[in-house]
1. Using alpha-carbon positions, what is the distance between the centroids of region 51-117 and region 161-225, in Å?
2. Extending each Cα 7 Å along its Cβ direction at GLU153 and GLU253, get the distance between those two points in nm, one decimal.
3. Toward the positive end of the charge dipole of the chain, about the Cα centre and with charges on Cβ (Lys, Arg +1; Asp, Glu -1), which of LEU46, LEU123, LEU139 goes farthest?
4. Using only DSSP helix segments of four residues or longer, with each worth -39500 (n - 2.57), what per-residue ellipticity at 222 nm results for the chain after dividing by its residue count and rounding to 500?
5. Which residues' amide hydrogens lie under 5 Å from the amide hydrogen of GLY84, considering only partners 5 or more residues apart or on another chain, with H built in the peptide plane?
6. Pulled fully out, how much extra length does the chain show between LYS332 and THR245, if you take 0.36 nm times their separation in residues and subtract their Cα-Cα distance?
7. If the elastic network links every pair of Cα atoms under 10 Å, which of SER223, SER30, SER283 fluctuates the most in the Gaussian network model of the chain?
8. Can you give me the angle between helix 271-284 and the longest principal axis of the chain, using Cα atoms only, in degrees from 0 to 90, rounded to the nearest 10?
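Nothing in this text is a laboratory measurement; each read-out follows from the coordinates by a stated rule. Remember, it's a predicted structure, so these values are computed and weren't measured experimentally. When we count neighbours, we look across all protein chains shown, and the Cβ atoms used for this are built from the backbone with ideal geometry, even at glycine.
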Amino acid sequence: MKYKFIIYLSAILISNKLTSQNIDKALIGSWVKLSANFQNGDDLPLDHPVRQNYVRFDFNKKGNAYKTTNPLDKGYMFKYQANGNNLKIGFINYMIKRLSSDTLVLVEEGRNGFDNSAIMYSLTRESLYQKKLPLLEELLIVRDSDTLYIENEKIRARFEKDESFHEYLRKGIPEYSNVVSSDNFFMATFIVDQNGKIDSIKIHKSLNKSFDKQFIKAVNSSSGYWEPAQLNGKNVNILHTETFTFITNPNFEKQYYNYKNGVIEMQKGNYDNAIKLFNITLSSNPNDIDALYQRGICYYKIGMGDKACVDWLKIRALKSKRADDILIELCK
């Protein structure tokens, strides 16, 4: 969603009476980009990543700042210092052009300093940004009388340790160093419930047993570090998706994205769409055990049990025990 944001440069942007301490206090919290342009007012090129991407800055009371282009990730941590309208985040210098309770305008220093080519960000409080976003029905899952939302820009849980959750997991998975140079990917989901606790961890795309086991242990250890997602001021359950991608071959990306989107469609109950996406993944790698397993689930859900059993039997033929339990239960 795009928002128009008009900046009056002729206005008094920051009172000279504001101290660095007051600026620090006013900065605390999450700020999301509404628009970005060059400081002289010119639009960024259409293909400029800053123009296209989501951008969020987070500032906390510990003097840490985070910048991310992923709405569901905390981003990287940097120390920040504010001195008047000068702001330094890590090694990057910014100029605060405007700061109020709900508006922050930052200019990021370019190669030639704060000239007309420097990029100016117009930001608003994340809570205000989220309030304007629509609540999409396809992000709502109702199961066993419980309401569950697929995590998104509007509704997200917050990981409250200094590092990002992805980095926290990476440090807790020793097996990570053994798989980092492979063309492979890992995908799992879990619920962060209304109390910030972890529930229902499910691995959709495995790497190996050791990685899977360490991942589950690391996720469980994060319980208690989450601030629950909220909607209209009330805590809600969200389904969080976590992926690790190790892609060195560009051709592998097709397999990765189609599988990932297949799982998302499957979670929404769009089984026909999910089957089409798993078919694309399997056209690249017919022996992808996880894709065969998930496609079998989809076939079973739409009443095509024979096709489901064919997929699961192929998994057994590949000398994997992944589908043994479901074969015994459903393919007698």
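1. Taking the Cα centre of region 161-225 as reference, the centre of region 51-117 is 29 Å away.
2. Between GLU153 and GLU253, the label points sit 2.1 nm apart.
3. The Cα lying farthest towards the positive end belongs to LEU123.
4. -9000 deg cm²/dmol, from helical runs alone.
5. So GLY84 has HN proximity to SER20.
6. Value of the extension gain: 27.7 nm.
7. Ranking SER223, SER30, SER283 by mean-square fluctuation puts SER283 first.
8. Long axis of 271-284 versus the principal axis of the chain: about 80 degrees.
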